[in-house]
Structure formats: C-alpha cells, structure tokens
Amino acid sequence: MSGVLEGIRVLDFGRYIAGPYCAQLLSQFGAEVIRIEKLAGSEDRYTTPVTEDGQGALFIQMNCNKRGMTLNPTKPEGREVVKKLVATADVVLANLPPPTLVQMGIDYESLKAVKEDIIFTKVSAFGSVGPYSDRLGFDGIGQCMSGAVYMGGFPGQPIKSFAPYVDFGTATSAALGTFAAIMARQQTGKGQVVEGALLRTALTYSNSLMIEQVLLDINRTGTGNQGQNAGPSNIFNTSDGAIIVQVIGQPLFNRWAELVGAEEWIDDPRFATDAVRGENAEIISERAAAWCAERTTEEALAELEAARVPGGPVLTSQQAYDDPHVQAMGVLNPIEYPGLPKPAPVAGTPVVLSETPGTIRHRPPTLGEHTDEILTELGYSEQDITELRDKRVV
C-alpha cells in the first residue's frame, strides 16, 4: 500500500527530537526522507547509547524509513551538493540556529533561489519573533517557561516531565503544518515556511492554567500528582504497587463514592462539583489512599473497572512493554539494527488511519549508509564522490 505522501521528498537536517521525529512522521505516511548528518555523525545519533559503538536509542526511534548521508555544507563543494539536493526536494526540514541555516545554505531565501515552491519546515526553541528568538533551548526549558513545571511539582520543588512531551508535541505539530503546506501548494503552486517552536507548544499544552490565572488571579501552587480541579485525581499506593485514579464529573464521583463506601459524600456540599472537590482534594485523597492500600493493584483495578471508574497501574518501562494490551495494540515494531543485541521496540505512528496507515518499512540508516547512492542519483560520478571524500565534504 502506497502512503499518502508518496512522491514527496524531504531533506532532514534535524537534530535530536523535534526535527527528526517530524521527518519520521512524514516518512511513515510515505514521504522519501533523506537524513543529512555531520561526517562524524550528529549528536543525536549517540544519545542514550544502546550498541557497543555508542549508537543511541533516540536515533533508532527517530530515524526509521530514512536514507542517510553525511555532508559538510559549510564547504563550497558541500553547498553545491545542498543545491542539487534542494532542486529535487519538496520539503527541507531543520531545527538549527538561524546563523547555521545561512552558513549551510538552507535558510528560506537560499532555498527559494534554488526551488521557488520549496516548503521549509523549521523548529526552534523560542520561534523567530521576540527577544529570546536567538537563544538555544531544549524540551525542559519549554516545559519550565510555560508554567507547567511549577504546577507539576510542589511548593519549592518544581518537577518537569521525564518524557519530553514538548519536543514530541512540536514535532507532531510541525508535521501537521507540513501536511497543510503540501496541500496548500497543490492548490496555489506556492511554497511557504512552516515554523514550530518549543515554547509555543508548551504554552499551548498548558494554556488552560494561564487562562484561569489571568481571569481569576487564583495563584495556584503545585500539588504534585494530586489534581486541583477534580477528585479523587491522584496516584495511590496499593499493597504491592501504585495506581492512578482519575474521577472527573458527577456521575464518576457518585460511582466512586459508592465503591469506597462514602455514599454520604454524594450530597455533601464539599464535594458537589469538580471545582470544590479539587479544593477538598486532600480529604478525598486520604479516603482513596486508605481504600487502595487495602488491596493489591490487580484487585483495586478490577473493582474500579467493575464500577466503571477510570484507573490504571503505574508501570516501569519494562512492565509497559510486557503489558498484554500494549502488545495487542500493535504500536511497537521490532526493528533490527546493526550492533543491537535484540530488536528494538520502536513505536509507530501515534494515530492510526484505517485506509492509509503510517508504516515503518525499514530500519534507520547507519552513518552515511546511502551517501554514494544519493550522490550518484544527483549526477556525481564515482571519481567525483572520491574527490568529495578526500576533501572531507562527505
């Protein structure tokens, strides 16, 4: 089955997560993606190493379906290679500082000079407008500056999410924007710039916190896992582990109260709405904690499910992998890669299409694996490629 983006070529100059994962999403829906790295390999190739030679889990997750080449675009011959590549491309993707984009010849003006209808998808920490636009940044900075980390911890101890949701959210949004730009080009014949920013994503994801604060001047402080606008909404220890219970809305609260033997709370004004249940969350959490502590995780979840009250176990990464539902979902794909002791469980697309699903078709490229092949397609001879290697261009 061909993907919906078959025939679209993407040049991936991305690094770490936001750029490469955007490109991988495009590849999973059929685009041809060429991953372009430094001659020694880009930094994200070696993040969270899982092979003897230091190849990283992050790289394996982000770069399936791609062809890979090495290139130094800062040399004149490298700039010429970039121009030839751009002339064949539909999308150029990068999350690099603006001066580096210019130096490499992949800023929008340079790209348009080669191909008028090119789509340029760029990702940065702070976006291109504002006093911080030239600053560097990672996922955690976006989390912290959005207000989410302050609210996610405790007074005096803010805690960021271990999972880099700002990076992944920015990548997904950038992929959506690129899809839209491709559709727009089909209608107008014009390319454009698609811009994602970590702080923009973080502010979007935590926007309701800001809306409440600006409108009500409520000045909330962090309460860790305990929810502030509903209850019970917290993580509780069982006799052999921990579970999360999330009760939102009156019907769920009524069922939970009956389950734990707190029927008298159903008509108690302290627990009449989600908002006031949030204000009295400590009282509710104390009752929920006592109920959970008397049960194993399996027992607690079984009773919650029988009462149709949402709950779930707190799992380690290994437990999540072993979970029968996770395995049944088919989200994890066993990917072989040179040097791995066993196949890596790489997640596929986070969304499933019934007719044109995204797919992982092949493993990530080894460093420079397809350099000669791609250069040959661009018209370089074997002698040309040898000379480029001698000059450390590829």
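At a glance:
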read-out	value
Residues that are part of a loop (DSSP other than H, G, I, E, B), in contact with a strand residue (DSSP E or B) (Cβ under 8 Å, 6 or more places away or on another chain) and touching a residue at least 40 places away in the same chain (Cβ under 8 Å), drawn from region 308-354	309, 310, 314, 337, 348
Selected residue [outside any strand (DSSP E or B) and surrounded by fewer than 17 Cβ atoms within 10 Å (Cβ to Cβ)] from 129, 81, 86	129
So residue 276, is it within 25 Å of residue 143 (Cβ to Cβ) and not in a loop (DSSP other than H, G, I, E, B)	no
Tally, over region 138-160, of residues that are modelled with pLDDT of 95 or more and small (Gly, Ala, Ser)	5
Those residues of region 26-40 which are under 19 Å from residue 355 (Cα atoms) and in contact with a Phe, Trp or Tyr (Cβ under 9 Å, 6 or more places away or on another chain), in sequence order	26, 29
Selection from region 292-307 of residues that are of a type in the set (Ser, Thr, Tyr) and assigned to a helix (DSSP H, G or I)	297
Failed condition for residue 321, given (1) surrounded by 14 or more Cβ atoms within 10 Å (Cβ to Cβ); (2) among the aromatic types (Phe, Trp, Tyr); (3) more than 27 Å from residue 2 (Cα to Cα)	(1)
Residue identified as under 30 Å from residue 88 (Cα atoms) and under 15 Å from the mean Cα position of the chain (by Cα) among 163, 174	174
Residue count for region 50-72, restricted to those that are buried (at least 23 other Cβ atoms within 10 Å of the Cβ) and either part of a loop (DSSP other than H, G, I, E, B) or without any contact (Cβ under 8 Å) to a residue 24 or more places away in the chain (or both)	6
Residue 289 vs. criteria surrounded by 15 or more Cβ atoms within 10 Å (Cβ to Cβ), among the small types (Gly, Ala, Ser) and part of a helix (DSSP H, G or I)	yes
Residue 109 free of Cβ contacts under 8 Å to residues at least 12 places away in the same chain, assigned by TED's automatic domain parsing to the domain that holds residue 16, part of a helix (DSSP H, G or I) and within 17 Å of residue 393 (Cα to Cα)	no
Single match in 248, 244, 235 (criterion: closer than 20 Å to residue 314 by Cα, touching a residue at least 24 places away in the same chain (Cβ under 8 Å) and not in a strand (DSSP E or B))	248
Unique residue being over 31 Å from the mean Cα position of the chain (by Cα) and surrounded by 14 or more Cβ atoms within 10 Å (Cβ to Cβ) when the list is 333, 254, 225, 234	254
Test result for residue 353, loosely packed, with under 14 Cβ neighbours inside 10 Å and among the hydrophobic types (A, V, I, L, M, F, W, C)	yes
Residue 150 vs. criteria assigned to a loop (DSSP other than H, G, I, E, B) and either assigned by TED's automatic domain parsing to the domain that holds residue 105 or touching a Pro at 6+ places or on another chain (Cβ under 8 Å) (or both)	no
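This table checks each residue for (1) assigned to a loop (DSSP other than H, G, I, E, B); (2) surrounded by fewer than 17 Cβ atoms within 10 Å (Cβ to Cβ).
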site	(1), (2)
2	yes, yes
5	yes, no
12	no, no
22	no, no
27	no, no
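The values are calculated or read from the model by the stated rules, or taken from the named source; none is laboratory data. Source: prediction; values computed, not measured. Neighbour counts are summed over all protein chains in view; Cβ atoms, including those assigned to glycine, are modelled from backbone coordinates with ideal geometry.
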